[in-house]
Each structure stands twice: as C-alpha cells, then as structure tokens.
Amino acid sequence: MSKKSPHSTPDSVHSERLPVNPRAEDAARSVFVALGSNEGDSTAHLTQARLFLQEISSSPIRTSRVYQTEPIGPSDNDFLNAVIHIDWEGSPEALLDRLKEQERIQGRPSRYPKWTSRTLDLDIIDFGGLILNNDRLQLPHPAAAERLFVLLPLYDLAPEWYEPVTKKAISELIHQAPEMRIEVGAWQWE
Ligand code: ADP
Ligand code: MG
C-alpha cells in the first residue's frame with residue numbers, strides 16, 4: 001500500500017483504496033451447533049453427526065458432554081442433546097444447507113412437523129456472534145437463550161459465552177431458564 005501523504009485530508013484518507021482480502025468471506029467463523037435425537041438409535045445418530053461435523057470443520061472440533069432430557073411437546077421419548085464447536089469457512093446459509101442435508105441423510109424427512117420426534121436435529125446456536133433474522137435463519141438460535149438442553153452443553157464448551165443480542169452471560173441464562181428434567185447421559189461419546 002502507498003504511504004499516506006502527510007498532507008492528506010480526512011477525505012482523501014477515506015478515498016484511499018483499502019486493502020481487500022479476497023478470502024475475507026471465507027475466514028473461519030467460530031460456530032456452535034446443537035445436536036438432538038430422540039428417535040431410532042440416538043447414540044448412533046449422535047456419533048454419525050459428530051463425524052460429519054468433524055469433516056466440515058476447518059479445525060478439530062470440541063464436543064460437550066451428552067445430556068438426556070425430557071421431550072418438549074407431544075413426543076414420549078427422551079432426547080439426547082449435545083453441542084459441538086466447529087470452525088466453518090462459508091456463509092451461515094451454506095452451513096444450514098449442509099446441516100439440513102445431513103439430517104435428511106440420517107433419516108429425517110425434509111418436511112417435518114415442529115416439536116415431534118426426530119432422528120437428528122442440527123441447529124446453529126451461535127455463528128461467531130452474528131445477529132440475523134430472515135426467512136430461513138435466526139441467529140443466535142432463539143433456543144440458545146432459554147433452553148437448558150442447549151445452555152448446559154454450551155456451558156461445557158464456553159462458560160464465558162454470552163448471548164449476542166441481550167449480552168447476558170450464559171450463567172445468568174442458565175439460572176433464568178425454565179426448569180426441565182435434564183441429566184448428564186449414561187452414554188457418552190466413544
Ligand atoms: P426446530 O429445530 O425448531 O425444532 P426444525 O429443525 O424443523 O425445527 O427447523 C425448522 C427451520 O428452522 C429450519 O428449516 C430452518 O430454516 C429454521 N431455522 C431458523 N434458525 C435456525 C438456526 N439458527 N439453526 C437451524 N435452523 C434454523
Ligand atoms: Mg432444527
């Protein structure tokens with residue numbers, strides 16, 4: 001880059017061409033993905049989903065403990081829940097597409113009533129602190145602030161995390177969250 005002239009005015013500083021990083025959009029984002037399963041062989045589904053997340057992450061993943069939780073809604077089966085940290089090089093929409101595809105590969109019909117049993121649910125909880133609200137994506141995920149089955153595994157990985165919109169600390173959110181039955185699972189990752 002050319003040296004700034006000592007006489008340059010603020011205007012001319014602004015009109016200087018800034019260095020462009022052609023890969024800026026590809027810079028890895030720190031992402032937390034929540035996993036849930038309460039249908040079929042849930043431990044196998046979590047194991048397979050974890051391998052998938054390792055494949056799409058540009059660095060080694062970090063994995064929370066697995067929790068067993070009561071289902072919310074009409075379903076009878078307990079859930080297994082966990083959170084995994086990945087580094088993702090791409091847009092949030094591209095990540096959502098990959099997660100939806102993996103849900104489908106692991107046996108989840110593409111049109112699925114909300115709140116029912118599922119072989120695999122993969123949600124983007126936090127995408128590098130990005131705040132987004134469109135037809136397809138809400139970031140951070142609304143469950144991040146209020147559901148213990150997201151907050152407790154997230155706390156395993158990131159006790160310093162705070163909710164990007166309200167800036168509330170995760171420990172405070174955990175204290176405020178509605179009670180539910182949740183315990184560390186008998187099964188943990190192999
Ligand atoms: P839920 O996870 O809320 O039980 P689904 O998994 O069926 O329900 O997701 C329904 C839709 O939620 C998805 O098709 C997706 O477009 C949308 N969605 C909005 N925000 C997010 C997010 N942060 N992560 C994943 N899906 C999201
Ligand atoms: Mg989902």
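Ordered by the count of other Cβ atoms within 10 Å of each Cβ, fewest first, I125, I182, I131, I72 give I131, I72, I182, I125.
Ranked by Cβ crowding within 10 angstrom, fewest neighbours first, how are H45, H85, H141 ordered? Before the final figure, lay out the partial values.
Values: H45 24, H85 21, H141 18.
The fewest-first ordering by Cβ neighbours comes to H141, H85, H45.
Computed from the C-beta positions of E160 and R104 and an R0 of 35 Å, the FRET efficiency is 0.55 to the nearest 0.05. Here the gap between A27 and S58, fully extended at 0.36 nm per residue and compared with their Cα-Cα distance, gives a gain of 10.1 nm.
How do I174, I124 rank when sorted from fewest to most other Cβ atoms within 10 Å of their own Cβ?
Numbers: I174 13, I124 23.
Going from sparsest to densest Cβ surroundings: I174, I124.
Between E172 and E93, the contour length at 0.36 nm per residue exceeds the Cα-Cα span by 25.5 nm.
Coordinate-derived values only; no laboratory data. Bear in mind that the values here come from a model prediction, so they are computed numbers and not experimental data. Because the Cβ atoms are built from the backbone with ideal geometry, glycine has one as well, and the counts that use them run over all protein chains shown.
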